[in-house]
Number of protein chains: 2
Amino acid sequence: MTKNATRADPANSDLAQNDAGNAREQLLDAASAIMREGDTVDISLSELSLRSGLNSALVKYYFGNKQGLMLALLDRNMRRILTSVETLLAKDMSPDDKMRRHIRAAISTYFDYPYLNRLLMRLVRDSSPEDAGKIADDYLRPLSEAYNRLIKDGVEQGVFRDIDPQLFYFTVTGAADRFFSARLVLRHCFSQDNLNEGMRDSYADQTVDIIMRGIMV
Amino acid sequence: MTKNATRADPANSDLAQNDAGNAREQLLDAASAIMREGDTVDISLSELSLRSGLNSALVKYYFGNKQGLMLALLDRNMRRILTSVETLLAKDMSPDDKMRRHIRAAISTYFDYPYLNRLLMRLVRDSSPEDAGKIADDYLRPLSEAYNRLIKDGVEQGVFRDIDPQLFYFTVTGAADRFFSARLVLRHCFSQDNLNEGMRDSYADQTVDIIMRGIMV
């Protein structure tokens with residue numbers, strides 16, 4: 001651990017600048033993997049150190065504390081989502097094709113980050129009202145506006161019924177999230193050892209189909 | 001607190017038998033209220049004592065420990081759901097009307113017990129494989145079988161498309177749950193002070209509508 005920590009410590013090497021970025025990303029990767037596999041957002045610094053092969057003092061160095069690391073992980077995950085939603089909205093494609101792709105992408109996201117909604121809720125709950133407001137401004141409001149635009153386009157082009165975009169947001173994300181946050185329940189209760197990509201795709205096929213039939217004119 | 005504890009202690013009074021049941025229910029009511037309002041399944045014995053007006057030693061008396069109290073709360077909530085699903089299935093009603101009522105009831109359940117899925121997941125995670133299996137047998141398998149029957153009836157009567165009941169279970173419960181587990185996010189992020197029954201009903205109307213259009217032939 002000492003060796004790794006030294007290698008990654010920006011003060012100790014000419015290669016510092018490159019490795020520094022790597023160590024930061026490695027800590028986030030390790031936190032993500034622990035949350036995904038343990039079905040929890042409660043992680044310990046010793047687990048993180050063991051998993052990443054890095055000294056846990058680097059958490060303090062890069063993120064201040066564990067809360068800072070959790071915020072950085074949320075930021076990394078949410079920015080990826082926002083970028084892909086923005087890219088999708090900008091495409092020259094019908095609103096219903098965009099929506100199909102979006103629902104499929106949301107299911108894929110929760111397959112990759114099944115802890116994401118719990119991480120978001122935990123950070124909102126444990127933050128000051130000011131910081132919770134910032135989380136809303138940075139991640140939730142842009143998503144909310146994307147739903148408004150996508151539904152509005154579809155209604156104007158006569159393909160979607162006139163539904164409430166905000167309520168619809170909860171329907172989609174709830175349906176997308178639930179399958180994978182239930183991973184532990186599946187494993188213990190139905191002896192299904194793990195969710196694989198085949199199950200993800202079957203779930204996506206059926207869910208996209210139900211929701212799209214549900215909102216099309 | 002001593003006074004209340006004495007009042008409720010079955011060893012101390014002729015009224016013991018009646019009060020004993022009340023104290024047990026009061027503790028479960030208090031745990032439910034704390035989880036609902038705090039948007040968490042992490043409760044402390046001192047909070048429970050303060051909220052119920054009962055001595056926290058009664059938790060040990062009735063439930064053994066905090067885990068036992070959580071299991072008893074899960075049991076109370078889940079039995080209520082299973083009873084209402086069984087009653088619904090036994091009714092002389094079309095499969096689509098049954099499904100509409102069921103989705104609406106599921107949304108209402110998560111309005112009343114927004115912590116329920118998290119409580120279930122926590123208890124599955126923290127239980128021995130044997131106890132997790134018992135949770136599955138007692139609550140999840142009967143629900144799963146109810147979905148099988150309801151979808152099968154609808155397909156046979158030509159009203160539902162031939163969908164996978166298990167995957168559909170996750171779509172419905174995910175969509176039903178999400179709105180209310182997001183209560184804290186709504187409060188902090190969108191300045192909506194609380195979810196009220198009007199919002200519950202609007203969400204139920206739209207969600208029932210989307211899902212039913214999604215599965216009808």
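Given A:D14, A:D19, which one is surrounded by 15 or more Cβ atoms within 10 Å (Cβ to Cβ), modelled with pLDDT under 95, more than 19 Å from the chain's Cα centre (by Cα) and over 30 Å from A:D209 (Cα atoms)?
On the way: A:D14 fails: surrounded by 15 or more Cβ atoms within 10 Å (Cβ to Cβ).
Result of the check over A:D14, A:D19: A:D19.
Filtered by the rule that a residue be in a helix (DSSP H, G or I) and either open to solvent by 10 Å² or more (accessible area, probe 1.4 Å) or of a type in the set (A, V, I, L, M) (or both), region A:203-217 gives A:A204, A:D205, A:Q206, A:V208, A:D209, A:I210, A:I211, A:M212, A:R213, A:I215.
Any residue in region B:52-69 that is in contact (Cβ under 8 Å) with a residue 60 or more places away in the chain, closer than 30 Å to B:N196 by Cβ and among the small types (G, A, S)?
Looking only at region B:52-69, we keep the residues that are in contact (Cβ under 8 Å) with a residue 60 or more places away in the chain, and these are none.
Checking region B:52-69: not a single residue is in contact (Cβ under 8 Å) with a residue 60 or more places away in the chain, closer than 30 Å to B:N196 by Cβ and among the small types (G, A, S).
Between A:A136, A:A146, the distinction of being of a type in the set (G, A, S) and at the interface with chain B (Cβ under 10 Å from one of its Cβ atoms) belongs to A:A136 only. Which number in (1) touching a His at 6+ places or on another chain (Cβ under 8 Å); (2) modelled with pLDDT under 90 marks the one condition that A:L150 misses? Checking A:L150 against (1) touching a His at 6+ places or on another chain (Cβ under 8 Å); (2) modelled with pLDDT under 90, the one that fails is (2). Entry remark, region A:84-122: residues being more than 10 Å from chain B (Cβ to nearest Cβ), closer than 15 Å to A:L74 by Cα and of a type in the set (A, V, I, L, M) number 2 in total. Of the residues making up region B:155-171, those that are at the interface with another protein chain (Cβ under 8 Å from one of its Cβ atoms) and open to solvent by less than 50 Å² (accessible area, probe 1.4 Å) are B:I163, B:L167, B:F168, B:F170, B:T171.
If you go through region B:34-51 and keep only what is open to solvent by less than 20 Å² (accessible area, probe 1.4 Å) and more than 16 Å from the chain's Cα centre (by Cα), you end up with B:I43, B:L48, B:S49. Checked against the criterion of being assigned by TED's automatic domain parsing to the domain that holds B:E145 and not in a helix (DSSP H, G or I), the candidates B:D92, B:D75, B:D97, B:D42 yield just one match: B:D92. Taking the criterion of being under 20 Å from B:E86 (Cα atoms), more than 20 Å from the chain's Cα centre (by Cα) and open to solvent by 50 Å² or more (accessible area, probe 1.4 Å), the residues of region B:115-154 that qualify are B:N148, B:R149, B:K152, B:D153.
The set of residues in region B:175-217 that are of a type outside the set (K, R), modelled with pLDDT under 70 and in contact with an Asp or Glu (Cβ under 7 Å, 6 or more places away or on another chain) contains only B:L184.
The values are calculated or read from the model by the stated rules, or taken from the named source; none is laboratory data. Since the structure is predicted, the reported quantities are computational estimates derived from the model, not experimental observations. Glycine also receives a Cβ, built like all others from the backbone with ideal geometry; neighbour counts cover every protein chain displayed. All accessible areas refer to the heavy atoms of the entire protein, side chains included, with ligands and DNA or RNA removed. Shrake-Rupley method; radii C 1.70, N 1.55, O 1.52, S 1.80 Å.
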